[in-house]
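Shown next, in structure tokens, is the structure this report addresses.
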Amino acid sequence: MRQPQNKINTKDLTLRQRLAALSNLPAFFKLAWQSSPSKTLLSFILRLLRSAMPVALLYVGKLIVDEVVLLNRNTSFDNHNYLWQLVALEFILAIVTDALNRLINLTDSLLGDLFSNYTSVKIMQHAATLDLDQFEDSVFYDKLERARQQTIGRTMLLTQVMSQVQDMISMAFLITGLIAFNAWLIALLVIAILPAFLGESHFNNQNYALSRSQTPERRELDYLRYLGASDETAKEIKIFNLAGFVIDRFETLSDKFYTDNSKLAVRRSAWGSFFSMLGSTGYYAAYVFIIVKTVDGKLSVGDLTFLAGSFRQLRALMESVLSRFTSVSQGAIYLDDFLDFFKIKPRITIASKPLPFPNPIKQGFTFENVGFQYHNSQAWANRYLNFTLHPGEKLSLVGENGAGKTTLVKLLARLYEPTEGRILLDSIDLRDYAIEELRLNLGIIFQDYIRYQMTLSQNIAVGNIAEINNKVLIEKSAQESLADALAQKLPNQYDQWLGRRFNDGIELSGGEWQKVALARAYMKDAQVLILDEPTAALDARAEYEVFQRFAEMTQGKSAVLISHRFSTARMADRIMVLDKGQIIEIGTHEELLSKNGRYAELFYLQAKGYQ
């Protein structure tokens, strides 16, 4: 079942949709408060104080002008104390305004960093609860990608919303003064600004639709950028002469983005200039009206400066508020992507009262008619699986690529949930056990293991991260996987950084990396060891030594081996042959050879290659 698409996918968003999007803001500010209650409160208080500064400065300026005019007309009056007191007051207000601006910027910057860090952690925490097959769904991955982008982009939304509140309070002060003079000035101001607001709203809608439609291709663009300039891809890029292909595809996509974005930007700039001209016309119409009233003696020169300044600032604030409303509502709409990610729930259910994992396992794992089907796929990855992995048994999985071997292992580890059938452990449904204990008792190394750009010690410890400081266990695990000899060759031994991403890092060969990965499986005192192609990158001697130690380590434990090498497979107690996700043969090496079926065919085919 595909994840639901975001419902907002049309080019134009109505005012109702924008207002509805603002309902995301309470949840957004709850996150901001959780990231730092003190800084969120401080930012609000500072902005509240700052909102009163414009009208205070304008009014003190009016008083100064009127006092200067009065003193100019009455030259005999030589007491200028009141004038200089007003000037001092205006100076103090200017200093306070500047200080508030700097404090607000500082607080918002710190709060933005804390918010970004906090929400990034929240995303990682939530992602950790989701199922593996959800990460393999492109629709889900688009949601995850947009949610990750919001942790940075939405920090600006914090500033925008708080600035919106600040400017609206400032507007309330200024409007009070203008209404007392002539309410028609407010109407003229709204008429002059409204077209600009509608224009900005329209183009922001188009920008949102364009940005959203580009999400999958932008991920491809990032991937191409990685392919074209990465130490991990450089070898094949050179050998296969892929640079031209990658660059051509990158240029095609980037040129398409540039063309689409530039067309929208040009239209937006042209209409913006026209709407700005309308706003200026409205402002100067009001300005002329105030001047005429002053010339007629109905207003003082101080009134002129106060009203003209109030009208000018109110116009700027209204433009800012209306334009910012578009940005805020746009940001609130984008928050759908962020908040929707947290609404995605794992499909693997956790038992409300989970049972402790059996120690030791008495009856083993039993698959009863188990089938698994990937989402959005008509084919079955596994089906009709019926077998038991007995305690202490070594089971080898054999089959061609795509036969369902790795999927079976993931079902055993509850990385996937069966689409049909059930898996039992000691006659109890696997879903009734604590999933953390299940995975703690499984030592798994997949073929596509991660080469962590960390120290050798950390690379091994990821197999049981709770023991990251247990040097004795780490070194013991390295010995069992033959990675200890590698450690002795490295300049900093177990503290040596691996990979080329960071300074002083050392890249390992494929076989050396595989030994490091194998060590992870030995970090746990697991009852079941699962190795997916564990020796694919090892030479024959190293492979033999690894399996000699593996046989020793798995005495009394269950093990599942996935291997294309029959020299490895025949070491198991039983061999299961899979084809198209189904079991076609199961038995010992000798039994399967005597059947002369698929296993025998593959075995002799591989043996012929060694002759």
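Every number here is computed from the coordinates shown, using simple stated rules; none is lab data. Since the model is a prediction, treat every value here as computed from it, not as a measurement. With ideal geometry, Cβ positions are generated from the backbone for all residues, glycine too; neighbour counts draw on all protein chains shown.
Table for the structure above
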item	result
Value of D in µm² per second that Stokes-Einstein yields for the range 551-595, Kirkwood Rh from Cα pairs, at 4 °C (1.567 mPa s)	112 µm²/s
For the range 16-343, the spread of Cα positions along each principal axis, largest first, Å	95, 43, 40
Karplus-derived 3J(HN,Hα), 6.51/-1.76/1.60, for each residue of the range 482-494, Hz, glycine and proline x	6, 7, 5, 5, 5, 4, 5, 7, 7, x, 10, 6, 6
Amide H partners (placed H, <5 Å) of Tyr384, local residues excluded	Val370, Gly371
Relative packing of peptides 557-566, 280-289 - highest average C-beta neighbours within 10 Å first	557-566, 280-289
Added length on full extension, which subtracts the Cα-Cα distance from 0.36 nm per residue, Arg73 to Ala270	65.9 nm
Two-site FRET efficiency, Tyr284 against Ile179, from Cβ-Cβ distance with R₀ of 25 Å, rounded to 0.05	0.75
Computed [θ] at 222 nm, deg cm²/dmol, the chain (DSSP H ≥ 4; -39,500 (n - 2.57); rounded to nearest 500)	-21000 deg cm²/dmol
Sorted largest first, extent of the range 348-456 alpha carbons per principal axis (Å)	42, 34, 30
Packing-based ranking, highest mean first, of 394-405, 21-32 given that Cβ atoms within 10 Å are counted	394-405, 21-32
Amide H contacts of Thr233 (H built 1.01 Å from N, under 5 Å, at least 5 apart or other chain)	none
Long-range HN-HN contacts of Ile530 with modeled amide H, under 5 Å	Gly443, Ile444, Ile445, Val560
If the convex hull is drawn through the Cα atoms of the range 450-525, its volume per residue in Å³	77 Å³
Packing rank of 495-502, 442-449, where each peptide gets the mean count of other beta carbons within 10 Å, highest leading	442-449, 495-502
Under Karplus coefficients 6.51, -1.76 and 1.60, residue-wise ³J(HN,Hα) of the range 91-107 in Hz, glycine/proline x	4, 4, 4, 5, 5, 4, 4, 5, 5, 5, 4, 5, 5, 5, 4, 5, 4
Option label - log10 I(q)/I(0) by the Debye sum over Cα atoms at q = 0.05, 0.07 Å⁻¹ computed here, alternatives (i) -0.23, -0.46; (ii) -0.39, -0.66; (iii) -0.30, -0.55	(ii)
